[in-house]
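Accompanying notes for the structure given below.
The values are calculated or read from the model by the stated rules, or taken from the named source; none is laboratory data. Fair warning: this is a prediction, and the values are worked out from it, not measured in the lab. Note that we place each Cβ from the backbone using ideal geometry, even for glycine, and neighbour counts take in every protein chain shown.
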Amino acid sequence: MAPFSFLAGALVFFFVGAADALSGYQINCGAKSETLVGGVKWVPDGPFIHVGNVSKLPSPGMVPTLASLRYFPDTSASKYCYVVPAQKAARYLVRTTYFYGGFDGGDAPPVFDQIIEGTRWSAVDTAASYAKGLATYFEAVVAATGREVSVCLARNAATGSRSPFISALEVVPLDDSVYSATNFTAYALSAIARHSFGNNGSIVSNPGDRFNRYWEPFNGGSNPVVESQTTVDTEAFWNKPPQAVFRRSLTASPGEKLELQWPPTPLPAASYYLALYFQDNRATGSSRVFDVAVNGQTFFVGLNVSTAGSTVYAAEWPLSGQTTITLTPPADSPVGPVINAAEIMMVVPLGGRTHPRDVIGMEALAKGFASPPSDWIGDPCLPVGNSWTGVTCSQDPLARVTAFNLTNFRLGGSISDNIANLTAVSSITLVGNNLSGTIPDMSALHHLQFLHLEDNQMTGPLPESLGSLPRLQEL
């Protein structure tokens, strides 16, 4: 699929008090040892990636997660992938963070793509934020297709000879109820904005948000801000928003509508997941009623907001350009409407899927080879244009490996028995390497036409099963 972009948040890192233990993986790219930032333990990235170079940034006093990075100068690789353990079909918040720091001596950051689970996620262009001295972060919500989540960087036409880089990677498991209205077998969510209205202080994150989502402050301009007098049980909400976002809200005069231009920047035409959060800020037992509209279209009629809090959402709401949220109470209402927080994410169609048996087979081949190409990790076929070096794939309905050619790649090791999984392959060429061992059983490869293994160190006879392959033409 074509690359898509989303509006990244510019991030100033900050320290908070001791945090609750945060699940998942918080990875400090380029670091050599563990470090604590705001009570959260960050681990070095070595166990999750085996390619790229490390750079330390010279700025004294910099937050540790921005003080190092990993960059990827190898122009021959199709992508550079982190692989993080996961539970199949479980839902994860994935956040990538970028701070250039002039590591390569340039004046502005390079531009490149990021890929998540085989789908081209977005272009990474951090120049505007970096010019202000800020880091940039991107967030997505995705379901793991296997026992790992892959997050990759890749060159695009704008990268040229420069090196993609990354400062930090987070992969945090979400509860089953969080964003559950989305069909994650077909879509991912790419964060556009997440704001705490009436908050003019710091970003709300962990420990207030146990998934460490970032709720940025949004003061609402001339709209009055009111303080809550009661506490909300946020565990009763599907999306588990933090209690901190209910402490303040924006409001309007009694009987007057509240109009909010949000998110702050125009949106590309797409479908969006939109969730709005409300609480009556007064004493227990009070409530207020109003209608909710988005760009003049009815979103919810007669919303009754109590001190317990409420949320309304749409799983796929079409939007483009500037967006206006309008809250309209009855003309005789003794109080105005309120809104506490909101989040919006682009609904992103997944870029396809590689047949699981091919993934298993190719991963086994990669493990069996000594020194395979550096990009032989992550999805072997996807996204289109970023398959593994030497690998050719078909695409419909599931991507299948149809050929691979690693002639003169100086491969060592042996050919895994799991090559039998590649039942759509028609051509295997491993000429001029240092492979040893025997030729495995290939009787299941009924589409195989060309098999070239000459100039290796393999021993043993040719398997008799090769003679029964109906389409084999060259051996």
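Within the span defined as segment 214-225, one or more residues are modelled with pLDDT of 95 or more, in a loop (DSSP other than H, G, I, E, B) and under 26 Å from the mean Cα position of the chain (by Cα). Among the residues of segment 443-464, the ones that are aliphatic (A, V, I, L, M) and either touching a residue at least 60 places away in the same chain (Cβ under 8 Å) or farther than 22 Å from residue 408 by Cβ (or both) come to 3 in all. One residue stands out in segment 290-329 among those that are farther than 24 Å from residue 268 by Cα and out of contact with any strand residue (DSSP E or B) (no Cβ under 7 Å at 6 or more places or on another chain): the one that is surrounded by the fewest Cβ atoms within 10 Å (Cβ to Cβ), namely 308. Would you confirm whether or not segment 93-105 contains a residue that is surrounded by fewer than 14 Cβ atoms within 10 Å (Cβ to Cβ), within 21 Å of residue 154 (Cα to Cα) and more than 18 Å from the chain's Cα centre (by Cα)? Yes, the conditions are met somewhere in segment 93-105.
In summary, strands (runs of 3 or more DSSP E) completely within segment 261-341 and bearing 2 or more residues that are among the small types (Gly, Ala, Ser) occur at 267-278, 287-294, 297-306, 310-321. Among the residues of segment 131-146 satisfying the criterion of being among the aliphatic types (A, V, I, L, M) and not in a strand (DSSP E or B), which is farthest from residue 170 (Cα to Cα)? Result: 131. When the criteria are applied in full, residue 338 meets the requirement of being buried (at least 19 other Cβ atoms within 10 Å of the Cβ) and within 30 Å of residue 265 (Cβ to Cβ).
Among the residues making up segment 217-260, those that are on the phi > 0 side of the Ramachandran plot and out of contact with any Leu (no Cβ under 6 Å at 6 or more places or on another chain) are 221, 240, 255.
Looking across segment 425-446, the residues that are within 27 Å of residue 398 (Cβ to Cβ) and in contact with a Leu (Cβ under 9 Å, 6 or more places away or on another chain) come down to 425, 426, 427, 428, 429, 430, 442, 443, 444, 445, 446.
Out of segment 429-468, which residues are polar (S, T, N, Q) and either out of contact with any Lys or Arg (no Cβ under 8 Å at 6 or more places or on another chain) or not assigned by TED's automatic domain parsing to the domain that holds residue 401 (or both)?
429, 436, 438, 443, 456, 457, 459, 465, 468
Looking across segment 357-395 at every residue that is among the polar types (S, T, N, Q) and assigned to a loop (DSSP other than H, G, I, E, B), the one that is nearest to residue 48 (Cα to Cα) is identified as 374.
Scanning segment 188-243 for residues that are basic (Lys, Arg) and surrounded by 17 or more Cβ atoms within 10 Å (Cβ to Cβ) gives 194, 210, 213. Scanning segment 341-375 for residues that are of a type in the set (Val, Ile, Thr) and more than 25 Å from residue 320 (Cβ to Cβ), which turns out farthest from the chain's Cα centre (by Cα)? My answer is 360. Given the conditions (1) of a type outside the set (Phe, Trp, Tyr); (2) at pLDDT 95 or above; (3) more than 24 Å from residue 213 (Cβ to Cβ), and given that residue 332 satisfies all but one, which numbered condition is not satisfied? That leaves (2) as the condition not met. Scanning for something within 19 Å of residue 72 (Cβ to Cβ) and not aromatic (Phe, Trp, Tyr), does segment 345-366 turn up at least one residue? Within segment 345-366, one or more residues are within 19 Å of residue 72 (Cβ to Cβ) and not aromatic (Phe, Trp, Tyr). Whether any residue in segment 400-409 is basic (Lys, Arg) and in contact with a His (Cβ under 8 Å, 6 or more places away or on another chain) is what I want to check. Yes, the conditions are met somewhere in segment 400-409.
Out of segment 385-440, which residues are surrounded by 20 or more Cβ atoms within 10 Å (Cβ to Cβ), without any contact (Cβ under 8 Å) to a residue 60 or more places away in the chain and of a type in the set (Phe, Trp, Tyr)? Correct list: 404 only.
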